[in-house]
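Here, each number is a calculation from the coordinates, and none is a lab measurement. Note that the structure is a prediction, hence the values are computed from the model and not measured. Note: ideal-geometry Cβ built from the backbone for every residue, glycine included; neighbour counts use all protein chains shown.
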Amino acid sequence: MMKEPGKTASIHRFSARAVIPYLFVAPFMLMFLVFGLVPLVMSVVISFTKWDYASPMEWYGLGNYKLIFGLIGSGKVASDFWNGVLHTLLFVAVETPLLIVIPMIVALLISKCKAVRKLSMGFFYFPSILSITTVCILWNFLLDTNAGVINHYLGIEIPWITQMPYAWISIFVLSAWWGIGGNMILYIAGIANVPPEILEAAELDGAGAFRKFFSVTLPCMRRTLFYTLIMTTIGSFNMLGQAQVLTAGGPNFGTTTAMMVIYNTAFGGTNNFGRACAMAIVFGVLMSLFTVLSFKLQVSDEEEM
Amino acid sequence: MGAAERLRHYFKNHSKKQILSGVLLYAALIVCALVVLVPSLWAVATSFKFETDVLDANVTLFPRRVTLENYAHILNNRNVPILLWFWNSFKIAVTHVVLYLLISSLAAFAFSRLRFRGREVLFWICMSSMMIPGVINLIPNYIIIDSLGLVDNMFSMVLPGLGGVFGVFMLRQFMRGVPMAYDEAAKIDGASEFRIYFNVVLPLCVPVLVTLAIFSFQGCWNDYVWPLIVTNSAETRTLTAGLATFSGSYSHQYGKQMAGAVLSALPILLIFLLGQKYFIKGISIGGIKG
């Protein structure tokens, strides 16, 4: 007699307890579902339609993709899009090395100058706390052809923002100035984690500063390097603010990036949501290809060791 | 040890070559620092100049005549409510960070320390979505926010980022390192799962929480394209989005533009200076654990 109620109570308690873990994950899963998974499915579906958001959706099959790859239509859509992708790739190809090498040099300097380590870390990180629009307003002034400080001091009259290739150079410099901080701090942490006994052993073997850096410090920082490489590349792929605020995509669409083309297709006047979704998917696949490729590279690199 | 004594000590214990390379290193560092500093210095100096002096052919870094006119003008212009934008950015970023840390840590706790059916599958689904670039979700997210009636509402900028899986991933990694013995002991004392989460595991996660807070704050603060999409009126804009058209409205009035730039930078600079220690530590941890 006593057993029965006890048993039901324990069953009851068990089922209530079984729900608890789900309560823990529920808020996150809800957000993940609504803003992560559902949009992904929606994006794929919308990419097969013609839709301006105001009128009813119209099935378009592979039409948007054909347009993007220049198989139908005048080819204007394709040339605009791939023009943007090309510019994004140019930015990634130039800016990523800059944001790996410059912060590394600064990090090495700071690591050697121990007395001012903390002070200079804060100092070099400062530009990164500014929002991209503030940075663009500031550099827009510095780079001004007539009133700008840079031309004033160099005694030249270069139209830094409105002429090629200067517009790109301006974007590269501005982005490097803005982005030194994050990677620099990671490198300083990485340098501090290099086992001193290996460095001492290398020194005893007669290795110079350069040899020590390339044969000891750098290999020891492989994980940090890989992390910054991935993060910097993804960030560069998403570049938009610089091109929109500083150069407005110009001159003559010369600095229009893929993100900008997608943004303008969806929100710049005509809401061409179907086409923009297809563009986002093509561009997104390109981006993930890169990420998967670098992960593969890293895995094979680790297996080698 | 005083500075002078330390210097003397240094000179006594190092060879000439070592001292020379030390001096060179510091000199190089100072040059780099100047390159970073000079643009900001020019901005601050210019913001205190009269517009006519800014355009003067013999312009100098330090203003010959100091004026607060630019600041007064910007602060009184209702079309560019920089302080309101700052407050919006701050409000949105803080709300986002608090919610993000809360729901990510709750989920990470369950994924790392509780047993339940479907745990691995759910976690696997979340993780595989990390490979998918955010740009693909941009347009559908706008449609979702619009259908929720949240356009021009601060929550349109708070909510979408909460679906990000990076926080769950990082916290789960960290929580797996916390010994389960703590949970067992607390359970014997009669603590509920939530108490174990809140009183035992969460306090041990503070370093990672700080890191995540910094990352998500910066991500939210610097987000440029999303606030532009989901806001229509000047009053609801964030600083980053609001300032996008700022240069255009003060074409060639660089004194005023720089005053705006300085005003937009000051509050975040203050926050940075107050929390610099945690900031730098947090970012360093992020790179090692991430």
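For the protein assembly as shown, take the convex hull of the Cα atoms, compute a quarter of its surface area, and give me that in nm², please.
Spelled out: convex hull of the Cα atoms, projected over all directions, averaged, 36.2 nm².
Equivalent ellipsoid semi-axes for the range B:78-249, as square roots of 5 times the alpha carbon gyration tensor eigenvalues: give them largest first, rounded to whole Å.
36, 18, 13
For A:Glu157 and A:Ser79, what is the calculated FRET efficiency with R₀ set at 30 Å and r taken between the beta-carbons, to the nearest 0.05?
Efficiency computed from Cβ-Cβ geometry: 0.35.
Quick one: Karplus J couplings for the range A:162-176, per residue in order, coefficients 6.51, -1.76, 1.60, θ = phi - 60°, nearest Hz, x for Gly and Pro?
Result, rounded to whole Hz: 9, 9, 8, x, 4, 4, 5, 4, 4, 5, 4, 5, 4, 5, 5.
Based on alpha-carbon centroids, what's the gap between the range A:62-111 and the range B:147-216 in Å, whole number please?
So the separation of the two Cα centres works out to 35 Å.
Once R0 is set to 30 Å, what does the formula 1/(1 + (r/R0)^6) return for the Cβ-Cβ distance between A:Asn146 and B:Leu270, expressed as a FRET efficiency to the nearest 0.05?
0.30
Let me see the pair-distance distribution of chain A: every alpha carbon pair, 20 Å bin width, integer percents in order.
24, 45, 25, 6, 1, 0
For the range B:9-85 and the range B:247-281, what is the centre-to-centre distance using only Cα atoms, to the nearest Å?
13
Under a straight-distance cross-link criterion of Cα-Cα below 12 Å, which aspartates and glutamates are reachable from B:Lys256, leaving out those fewer than 8 residues away in the same chain?
Cα-Cα hits under 12 Å: B:Glu51, B:Glu69.
Taking amide H positions as placed in the peptide plane 1.01 Å from N, state which residues far from A:Lys50 in sequence (5 or more) or on other chains have amide H under 5 Å from it.
Under 5 Å from the amide H of A:Lys50: A:Glu58, A:Trp59, A:Tyr60.
Between B:Ala72 and B:Val44, what length in nm is gained on full extension when 0.36 nm per residue of separation is reduced by their alpha carbon distance?
8.6 nm
After finding the eigenvalues of the alpha carbon gyration tensor for the range A:50-92, what semi-axes result from the square roots of 5 times each, listed largest first in whole Å?
Taking √(5λ) for each eigenvalue gives 25, 13, 8 Å, largest first.
Which whole-Hz couplings ³J(HN,Hα) result when phi for each residue of the range B:138-149 is put into the Karplus expression 6.51 cos²θ - 1.76 cosθ + 1.60, θ = phi - 60°, listed in order with x for Gly and Pro?
Once rounded to whole Hz, the list reads 4, 6, x, 4, 5, 4, 5, 4, 5, 6, 7, x.
Return, for the Cα atoms of the range B:3-73, the radius of gyration and Dmax in Å, separated by a comma.
20.3, 58
Note the full-extension length gain between B:Ser192 and B:Trp124 as 0.36 nm times their separation in residues minus their Cα-Cα distance, in nm to one decimal.
Between B:Ser192 and B:Trp124, full extension yields 21.8 nm more.
Specify whether the C-alpha gyration tensor of chain B places it in the rounded, prolate or oblate class, a ≥ b ≥ c being the square roots of the eigenvalues: rounded for a/c under 1.5, otherwise prolate if a/b is larger than b/c and oblate if not.
oblate
Restricting to Cα pairs below 8 Å that are 6+ residues apart, what does the relative contact order work out to for chain B? Please round to a whole percent.
Over chain B, the number comes to 30 percent.
From Cα pairs below 8 angstrom and at least 6 apart in sequence, can you work out the relative contact order of the range A:75-304, rounded to a whole percent?
In percent, rounded to a whole number, it is 29.
List residues of the range A:59-88, by number, whose backbone nitrogen lies under 13 Å from a label position 7 Å along Cα→C-beta of A:Met164.
Counting backbone N atoms under 13 Å from the label point, the list is A:83-84, A:86-88.
Of A:Lys66/A:Lys296; A:Lys114/B:Lys49; A:Lys112/B:Lys281; A:Lys212/B:Lys277; B:Lys91/B:Lys187; A:Lys212/B:Lys16, which pairs sit farther than 27 Å apart, going by alpha carbon to alpha carbon?
Flagged as over cut-off: A:Lys66/A:Lys296; A:Lys114/B:Lys49; A:Lys212/B:Lys277; B:Lys91/B:Lys187.
Quick query: amide H of A:Trp160 versus all other amide H atoms, modeled in the peptide plane; which residues come in under 5 Å with a sequence gap of 5 or more or a different chain?
A:Thr145
Over the range A:72-179, what is the relative contact order in whole percent, taking alpha-carbon pairs under 8 Å and six or more residues apart?
24
Each residue of the range B:86-101 in turn: what ³J(HN,Hα) in whole Hz from Karplus with 6.51, -1.76, 1.60 and θ = phi - 60°, glycine and Pro shown as x?
Computed from phi, the couplings for the range B:86-101 are 4, 4, 4, 4, 5, 4, 5, 5, 5, 4, 4, 4, 4, 5, 4, 5 Hz.
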